[in-house]
Amino acid sequence: MENRILIVDDEEKIGSLIARRLNKEGYSGVTANNGKNALHHHDKEKFLLLISDIKMPEMDGLELLKKAKAMHPDITAIMMADYQEIDMAAEAMRMGAFDFIKKPVDSDQLVLSVKKALLKNKLKEVIDGYHTHLEKLEEEKRKRLQEALRILKKANLNTVNVLVKAIEAKDPYTRDHSDRVRKMCMKTGVKLGFNEEMLENLEYGSLLHDIGMIGIADDVLQKQGRLSSEEYRQIKEHPLIGAKILEEIDFFRDKLPMILHHHEHFDGSGYPDGLRGETIPLEARIILIADAFDAITSMRYHRKSMPLKDALMELERGKGKQFDPYILGIFLNEKIYDSSIGVSS
Ligand SMILES: [Fe+2]
């Protein structure tokens, strides 16, 4: 099986002559005297090589080659042709035959052609094996990179959480505020059909939206009762401070717009730039709603929390004014706020 070669010739004498010579070379020649018999052998076992006469009655060498290739596409064939059949031999080469030798067959030349064909097959095997090995290496490399990226992302998220805790430590009433906002934003993003990358950006942006509060004086942040206009002006600096803190870090660059603009109002009455409508980054419009909902349903120094029913009415009143009406619709209809912890209803 290992070294079997199929020899097809309608002149049986030629077939067995070739077989004998190949046997001397250490191969095992199997003969067939027509295409049909050859295909029968070819179907039963895989040969190293097919050596076939071109001109045969009934099924000629070209048809045999075509059928043999349909059964085993990688079969290597050597065709035998005399000078009158040179066109057919050329056609056989176009069909993927490895070589052709002229009849009457010079057996030394045939052996040489057989050896060349088998060497080519060996090389192909080695190259295929090398490619498979390369692909495996590539796959391993890709997996290692993916794992490294996953670890890096986790480390980033951990760092962000530390930052968020640092802001929240300044004001115990805002504890877990960022995480509740994050959860509501993620739910909204999913409803809006965000892809994985957009969701990831929104996750960081929503967690960090108030990072700039770190730059606001404690006595302003923790003031009980109404804020003076000067204190309010200071509070309004926090989106700018937040963007300033994060702009130095490449990883956060694409999250800056949502942090900078999370207090812009749909009707243009917000800050810092008074952007209106869809000129406000989509993520910022999402964060604004979740942030507002959590703020009015949580206790703060300067006021009490609001019951859920009133909070929802309050959001409804801001539709098209403070809030993007479409996103607000999703927030209310899909009960995005249900995921929020600490709702006092
Ligand atoms: Fe804010």
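The values are calculated or read from the model by the stated rules, or taken from the named source; none is laboratory data. Everything numeric here is computed off the predicted structure, so don't read it as measured data. As a convention, Cβ positions derive from the backbone with ideal geometry for all residues, glycine included, and neighbour counts pool all protein chains shown.
Some notes on this structure:
- Yes/no for A81 being in the same structural domain as A117 (by TED's automatic domain parsing) and surrounded by 18 or more Cβ atoms within 10 Å (Cβ to Cβ): yes
- All of S52, S28 fail the test of being touching a strand residue (DSSP E or B) at 6+ places or on another chain (Cβ under 6 Å), over 20 Å from D82 (Cβ atoms) and among the polar types (S, T, N, Q), apart from S28.
- A search for C-beta distances below 7 Å between a residue of the range 203-217 that is outside the structural domain of L246 (by TED's automatic domain parsing) and away from the ligand (no atom under 12 Å from the Cβ) and any residue that is at pLDDT below 90 and polar (S, T, N, Q), counting only pairs 6+ apart in sequence or on different chains, returns nothing.
- Residue in the range 220-229 that is within 21 Å of A290 (Cβ to Cβ), surrounded by 15 or more Cβ atoms within 10 Å (Cβ to Cβ), within 16 Å of the ligand (Cβ to nearest atom) and of a type outside the set (G, A, S) present: yes
- Pairs with Cβ under 7 Å, 6+ apart, first in the range 319-345 and at positive phi, second small (G, A, S) and modelled with pLDDT under 95: G342/S298
- Screening the candidates R175, R180 for the property of being of a type in the set (D, E, K, R) and within 15 Å of the ligand (Cβ to nearest atom) yields one hit, R180.
- Being of a type in the set (A, V, I, L, M), in contact with a strand residue (DSSP E or B) (Cβ under 7 Å, 6 or more places away or on another chain) and away from the ligand (no atom under 12 Å from the Cβ) is a condition met by at least one residue of the range 278-300.
- Scanning the range 253-277 for residues that are closer than 16 Å to I211 by Cβ and away from the ligand (no atom under 16 Å from the Cβ) yields a count of 2.
- Residue match in the range 179-194 (condition: among the hydrophobic types (A, V, I, L, M, F, W, C), out of contact with any Lys or Arg (no Cβ under 8 Å at 6 or more places or on another chain) and surrounded by fewer than 17 Cβ atoms within 10 Å (Cβ to Cβ)): yes
- Test for V162: is it outside the structural domain of V220 (by TED's automatic domain parsing) and within 30 Å of V220 (Cβ to Cβ): yes
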